[in-house]
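Enquirer: Questions regarding the structure given below will be posed in turn.
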Amino acid sequence: MTFEPTISLDKNDELPDSSPLVHRYAQIYLKHDGDQMLLVLPSQAEINADLPWSETWQELKHLLQTKEQSWQVGTNVCLVAQDRLLDARQLQTIAETLDDVKLSLLTVSTNRRQTAVAAATSGYSVEQKPATQPLIEASTEAAETVSALADPLYLQSTVRSGVEIRHPGTIIIFGDLNPGGKAIAAGDILVWGRLRGIAHAGAQGNAQCRITALQMEFTQLRIADAVARAPKLRPRRLSPELAFMTTEGIRLAKTSEFTKRYIFSSPSQAWIDQNQEK
Amino acid sequence: MSRIIVVTSGKGGVGKTTTTSNLGAAIAKQNRSVALIDADFGLRNLDLLLGLEERVVYTAIDVLAGECRLAQALVKDKRLKGLVLLPAAQNRNKESVQPEQMKKIATALAKGYDYILIDCPAGIELGFRNAISAAKEALIVTTPEVAAVRDADRVIGLLEAEGVNKINLIVNRVKPWMVEENKMMSVEDVLELLGVPLIGVVPDDEKVIVATNKGEPLVLGEYDSLPAQAYLNIARRLEGEKVPFLDLMANQGNLLTRLRRMFGG
């Protein structure tokens, strides 16, 4: 399934169909696998249209910066390139970038012949797999079944303007989400800091997902297919708040009060105030 | 060890080139040798601000093409010992240089000078990547405006991804009386958002425009001005000195507003 970007002059203020987002989740990710690490590039179909190589590389560098410390020096990395075409120079760039954070590229796993040839010429071990066979169970699972969420993504840095974090699970940001920055999660979003940018929880349509932050100063919040803008005038409250879906749209509550008052109702796909029900 | 510092902002017109020229002169005044690199190929004006335009013979492009030696292309400032400029070419554009080439030039200069200041072009495209390729440190210039701060934030993110982690902030063109009346973002607001250490606050002053047009860094002027003092302080802070920040409100306002301030109004 590929996503065709369309450009139209729709005057209605609706959010575009959320299905493309599912595909746009696919970002580079790094995971431990025994004594090595897997660096998984999204497949050609998962990234919509042609993402320029420089963007992919930028994303990789950002990922390594925020994930630092979670591996041992000199850990071997297997690059899971799936159906992405990579030339020798791009492979070298990846190897150098990994080298900067004390990781060494050892194996390249691909189902494209050209990539395999390039990798072999550059001296990496190659695992070539036929295109039909799923490479990594986890990634195909996430793409096929909406309910199975990936492991939470833990970021130890401020998400700055222009950075977009997409993850098919829950996102935890230990830092601020600055204006111009974006976090899109299939699960919940937790910001241990100020939320000033855009956060989209339950982006695959799960209305039960919540967004919480120590300080809510967002530009925009989205849960499933609902959008909320920041009220023009907001008292500068310092207590942590939580955003959730109600029958009347997205609402905010103090984190400390939320669990006592609200319960999720599956038929209405919203959180309902228990006190009002009685 | 010489220090290679890029002066960048993301947004244009916030005062990168003015900062580079004044800071260069201020550092030279501290008896340090400093080389300024104009990385704004095609739109160079660092030479104008320094008043060195008519003495430019070769440019960085000529050095890269092997048409002259690096030392020949450097324009020495007659007023200050230790200050040199490597001009950019005006007849080319930013695509004519590659990051590796910039790195080569900066590393070569680093052997002979204490400080290398690189004046970065606006934007985040190739020109920006060229300018930051050799840098070990960065000075972010921003004005207290929402758009400038937003772009600064983006640039800090890009610098961090490139492994430039020593980042300091200069808040330029602060109008203390406007901050006082809550019409302008305060330095604190900017700091809170960007989360990088502050190294200088430069007040808005018409003298900056006058000095720029004359091609004479403000720091070199005979008369003492607040911005010149601010640049000298930044140079001292770069050297590791602890210098208190200027009280920008000291000479501002008339008797009435001063009295009001005194009574906490």
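Enquirer: Across peptide B:80-92, what mean number of C-beta atoms from other chains lies inside 10 Å of a residue's C-beta? Intermediate values should be presented prior to the final figure.
Expert: On the way: counts 0, 0, 0, 0, 0, 0, 0, 0, 0, 0, 0, 0, 0.
That works out to 0 on average.
Enquirer: Moving to a separate point now. Within 10 Å of each Cβ in B:147-158, how many Cβ atoms from other chains are there, averaged over the peptide? Provide the component values of the computation, followed by the final result.
Expert: Numbers: counts 0, 0, 4, 6, 3, 2, 12, 7, 3, 4, 13, 7.
Per residue, the number of nearby Cβ atoms from other chains is 5 on average.
Enquirer: Order these peptides, A:196-209, A:245-258, B:206-219, by their mean beta-carbon neighbour count within 10 angstrom, highest first.
Expert: Put in order of decreasing packing, that is A:196-209, B:206-219, A:245-258.
Enquirer: If packing is taken as the mean number of other Cβ atoms within 10 Å per residue, what is the order of B:38-47, B:194-203, highest first?
Expert: B:38-47, B:194-203
Enquirer: With each label point set 7 Å from Cα along the Cα-Cβ vector, what nm distance links A:Trp192 and A:Glu164?
Expert: 2.7
Enquirer: Per-residue mean of other chain beta-carbon atoms within 10 angstrom of the beta-carbon, peptide A:167-178?
Expert: Mean partner-chain Cβ count within 10 Å for A:167-178: 1.
Enquirer: Could you give the nm distance between label points at A:Thr107 and B:Thr107, where each point is 7 Å from its Cα heading toward the beta carbon?
Expert: With each label placed 7 Å out from Cα toward Cβ, I get 3.4 nm.
Enquirer: Okay, moving on. Let a ≥ b ≥ c be the square roots of the eigenvalues of the Cα gyration tensor of segment B:93-195; is it rounded (a/c under 1.5), or, if not, prolate (a/b larger than b/c) or oblate?
Expert: prolate
Enquirer: Pull out a ≥ b ≥ c, the square roots of the eigenvalues of the alpha-carbon gyration tensor of chain B, then state rounded if a/c is under 1.5, prolate if not and a/b is larger than b/c, and oblate in the remaining case. Don't skip to the end; give the middle numbers.
Expert: Details: a/c = 2.04, a/b = 1.59, b/c = 1.29.
Cα axes put chain B in the prolate bin.
Enquirer: Using the basic label-point model (7 angstrom from Cα toward the beta carbon), what is the A:Asn275 to A:Glu248 distance in nanometres?
Expert: Taking the simple label geometry, A:Asn275 and A:Glu248 are separated by 1.4 nm.
Enquirer: Here is a further query. Between A:Thr259 and A:Gln156, what's the calculated FRET efficiency when r is the beta-carbon distance and R0 is 22 Å? Round to 0.05.
Expert: 0.25
Enquirer: While we're looking at this one, here's another question. Need one word for the protein assembly as shown: rounded, prolate or oblate. Basis is the Cα gyration tensor (sqrt eigenvalues a ≥ b ≥ c); a/c below 1.5 gives rounded, then a/b vs b/c decides.
Expert: It comes out oblate by the Cα gyration axes.
Enquirer: Sketch the reach of a paramagnetic label on B:Leu43 as a point 7 Å from Cα along Cα-to-Cβ, and name the residues of segment B:183-213 whose backbone nitrogen lies under 20 Å away.
Expert: Of the residues in segment B:183-213, B:209, B:212-213 have backbone N under 20 Å from the label point off B:Leu43.
Enquirer: Using a cut-off of under 16 Å, list every residue of segment B:188-207 whose amide N is near the label point 7 Å from the Cα of B:Arg79 along the Cα-to-beta-carbon line.
Expert: Only B:207 fall inside the zone, counting backbone N under 16 Å.
Enquirer: Can you tell me what share of the DSSP beta bridges in segment B:3-262 is antiparallel? A percent to the nearest 5 is fine.
Expert: Roughly 5 percent of the beta bridges in segment B:3-262 run antiparallel, per DSSP.
Enquirer: Work through the residues other than B:Asp38 whose Cβ is under 10 Å from its Cβ and net out their charges, Lys, Arg +1 and Asp, Glu -1.
Expert: -2
Every number here is computed from the coordinates shown, using simple stated rules; none is lab data. Just so it is clear, the model here is predicted, and its values are computed rather than measured. Cβ atoms come from the backbone with ideal geometry, glycine included; neighbour counts cover every protein chain shown.
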